[in-house]
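Worksheet: the structure to be examined is printed underneath.
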Amino acid sequence: MDLSEQPLETETTSPLVSESEIGRAVSVDYYEAGIVSDELRAAFDLFVGYWIVLVLSTLGVVTNSLTMVILIRQGFRDSVNVSLLSIAVWDQIKCLAGVIFRLHGPIRLVDPVSGVIWENGSRTYLVYLPIFAGYVSYGLATYLSIERCLSISMPFRPSSVRPWLSRQLSSYFTLENRLQTFINLTNKRPQEMRQVELRST
């Protein structure tokens, strides 16, 4: 008997992923579902993503510059001035990165190709800098607030005890915050990869 004449046996196997699981795993894109139009989404993205963030970042650069000038003119007699200056410097770095990255909006009005080139080039170098600068600013603000709280609650303790205790507490709160962020990111990443795999099938 010729092998080409034999009927092929087909196995009916259950799919690896059921339709209900696909429905639960794939997130709904509202503008693709027709709830929000593409024009409205593009206008909102242009208004908020480009102009509002650009204006706020520019205001942040100006106000942080004024804060740094005032703190430098006051001198560094107190540790509070040093902590506030450190917070202002890191916030200035974050705002400068925001201004540099968001310049692709105005550039795109003049030359769309140059705007896309600016966006892609600056995204490579500046995407994680505001996140890192924000974490450093949060850590410094935590240290400063705990130090002020301890100096008010324990005014007659020796001055060597308060900085040690404030460093320990601020290190604990900062590390706890970073650990929580890391856990959230590691849990979110496999879900996003699973959604991408389900969309590609």
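If you take the beta carbon distance between S153 and A43 as r and set R0 to 41 Å, what does 1/(1 + (r/R0)^6) give as a FRET efficiency, to the nearest 0.05?
Numbers: r = 51 Å, r/R0 = 1.24.
Using R0 = 41 Å, I get an efficiency of 0.20.
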Interchain or sequence-distant (5+) residues whose placed amide H lies within less than 5 Å of the amide H of V36 are Y31
Scalar couplings 3J(HN,Hα) for segment 92-99 by Karplus 6.51 cos²θ - 1.76 cosθ + 1.60 (θ = phi - 60°), nearest whole Hz, x for Gly and Pro, are 5, 4, 5, 5, 5, 4, x, 5
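Every read-out reported here was derived from the displayed coordinates using simple, explicitly stated rules and does not represent laboratory data. This one's a predicted model, so the numbers in the text were calculated from it and none came from an experiment. Here Cβ is always computed from backbone atoms with ideal geometry, including for glycine, and neighbour counts include all displayed protein chains.
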